[in-house]
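These notes are about the structure you will find just below.
The values are calculated or read from the model by the stated rules, or taken from the named source; none is laboratory data. Just so it is clear, the model here is predicted, and its values are computed rather than measured. Heads up, the Cβs are rebuilt from the backbone with ideal geometry, glycines too, and the neighbour counts pull from every protein chain shown.
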Amino acid sequence: MRVKRILQKSIHFSGIGLHTGISSEMVVKPASEGSGIKFVRTDVQPPVTINADVVHIFSTNRGTTLKAGEATISTIEHLLAALSSLSIEDVQIEINGPEVPILDGSSLKYIEAFSAEGVLNEAESTRDVFIVREAFHFSDPETGSEYAVYPSDEIDLNVILEFKDAMLGDMVARLKGKEGFALHIADSRTFAFLTDIEPLFDAGLIKGGDIDNALVIIDKKLTEIEAVQLKKKLNKPDAVIEDGVISSTPLRHKNEPARHKLLDLIGDLTLVGREIQAKIIATKPGHTSNAKLAKLLKSKYLEQKKNAGKPVYDPNKEPLMTLEQIRGMLPHRYPFLLVDKVIELTDKHIVGIKNITFNEGFFQGHFPGNPIFPGVLQMEALAQTGGLFALSIMEDKGIWDTYFLKMENVKFKAKVVPGDTLLLKMELMSPIRRGIVQMLGSAFVGNKLVSEGELTAQIVKRQNDQ
């Protein structure tokens, strides 16, 4: 059972935004099952709802901003990381400002509030998980970020940072499974490079930032005058500069910047809208490239969902029924036995295989110079596969046959040619009554649906055995 956590009461937060410096009040409220994570800007009239989804990503300049209509909500990643790590799927976040409060620059305050006694209940999650089944690599030439994504039994996030011009050197961070987030990742604070500080101020950003809620990484040499000016800009004349970092407190972890990048990655990937089961190795990640990865993952999830239920043929696996076993159940013989083997069989469906070769006699006339496997024979192959399903549940084997009664809603969607492997899926549409079997047939070549139809047959005892 996959567990989700349900918010039992509203949780209040307040504070200034890191980039806007605007104070806001924010209330995280319980929401109905299946509603997902939604932000509501209550300071605009009428209030605007912004779903936490990749389709609403508007900006990734130093943080992730969503937009719906003319309303935006920014710096959402720390809150989303906390919600995701705790498996909180459905909440409504009401806020009277354009930016989520930065608090201490990490996810720690959120984790502490949500983890308090009586705040969360556990229940079984019915939301499907996006399981990455094929490895892929994504690189962003705009940012230099790279992501390697692999199948995994659980979420396994790895971050690699390369501080070539900073005193900190290179860093790595890893989180395998979500359980360690609260203890090892949540308290890691946001950071900026020293050489970025002045441009950020000039750009009107980090108005709410100071070294109580952010780290400043030294990536250039400072004169005494520059150090004094920097402390003045940060409103911290007594700030301590040591170990390559400007902060009001020591580093919480030796690799705190890498851990925070991992935190950001979790928050940004929450916008996929589904829990992700994969191993991801992120080199030099940032919000811009995280957003691109999230959009790519969302598209792959939607494609996977679209293909859900499509049979997958692994020729290395032993078949459930061989050709000789099929010959023992069906009366058909060459050239009209159109199922070579069975690879799936449950109480609801069956999947058979038909290898299409040029040796089939009908290709001589269908058609010369343009051989096409006839659509009516695709239906016959599906019917034979359905017959194997029906006969497999009969107690007395070998004395029953199935006879076609009708075909409905038949559609032919693509050509089938020599060299193709036809996957024949038959699904029971209703319980078998009085020997009548109604099944939905779908024929595939790879992931492509080539034909489909609703087939009805009757199970009849063979005449010569009566």
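Values for this structure:
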{"read-out": "Leading residue by the ranking (surrounded by the most Cβ atoms within 10 Å (Cβ to Cβ)) among those in the range 80-99 that are within 21 Å of the chain's Cα centre (by Cα) and among the acidic types (Asp, Glu)", "value": "GLU89"}
{"read-out": "Matching residues in the range 343-361 - criterion: being farther than 25 Å from ILE372 by Cβ, part of a strand (DSSP E or B) and β-branched (Val, Ile, Thr)", "value": "ILE350"}
{"read-out": "Test set (1) more than 21 Å from the chain's Cα centre (by Cα); (2) under 27 Å from LEU120 (Cβ atoms) - GLN45 fails condition number", "value": "(2)"}
{"read-out": "Criterion: over 23 Å from LYS261 (Cα atoms) and either aliphatic (A, V, I, L, M) or in a strand (DSSP E or B) (or both) - qualifying residue of ILE73, ILE50", "value": "ILE50"}
{"read-out": "Search result, residues across the range 187-210 that are at pLDDT 80 or above, aliphatic (A, V, I, L, M) and within 35 Å of the chain's Cα centre (by Cα)", "value": "ALA192"}
{"read-out": "Selection within the range 221-239 - of a type outside the set (Ser, Thr, Tyr), modelled with pLDDT of 75 or more and over 23 Å from SER188 (Cβ atoms)", "value": "LYS221, LEU222, GLU224, ILE225, GLU226, ALA227, VAL228, GLN229, LYS231, LYS232, PRO237, ASP238"}
{"read-out": "Residue within the range 330-342 that is in a strand (DSSP E or B) and touching a residue at least 12 places away in the same chain (Cβ under 8 Å) present", "value": "yes"}
{"read-out": "ALA135 vs. criteria touching a Pro at 6+ places or on another chain (Cβ under 7 Å) and free of Cβ contacts under 8 Å to residues at least 24 places away in the same chain", "value": "yes"}
{"read-out": "Selected residue [surrounded by 12 or more Cβ atoms within 10 Å (Cβ to Cβ), within 30 Å of ASN61 (Cβ to Cβ) and not acidic (Asp, Glu)] from LEU297, LEU337", "value": "LEU297"}
{"read-out": "Count of residues meeting criterion [more than 23 Å from THR65 (Cβ to Cβ) and either in contact with an Asp or Glu (Cβ under 6 Å, 6 or more places away or on another chain) or of a type in the set (A, V, I, L, M) (or both)] in the range 6-32", "value": "2"}
{"read-out": "Lone unmet requirement of (1) under 23 Å from ASP187 (Cα atoms); (2) surrounded by 19 or more Cβ atoms within 10 Å (Cβ to Cβ); (3) without any contact (Cβ under 8 Å) to a residue 40 or more places away in the chain for GLU242", "value": "(2)"}
{"read-out": "Inter-residue pairs, beta-carbon under 6 Å, first touching a residue at least 24 places away in the same chain (Cβ under 8 Å) and exposed (fewer than 14 other Cβ atoms within 10 Å of the Cβ) and in the range 406-422, second among the β-branched types (Val, Ile, Thr) and part of a loop (DSSP other than H, G, I, E, B), 6+ apart", "value": "LYS415/ILE372"}
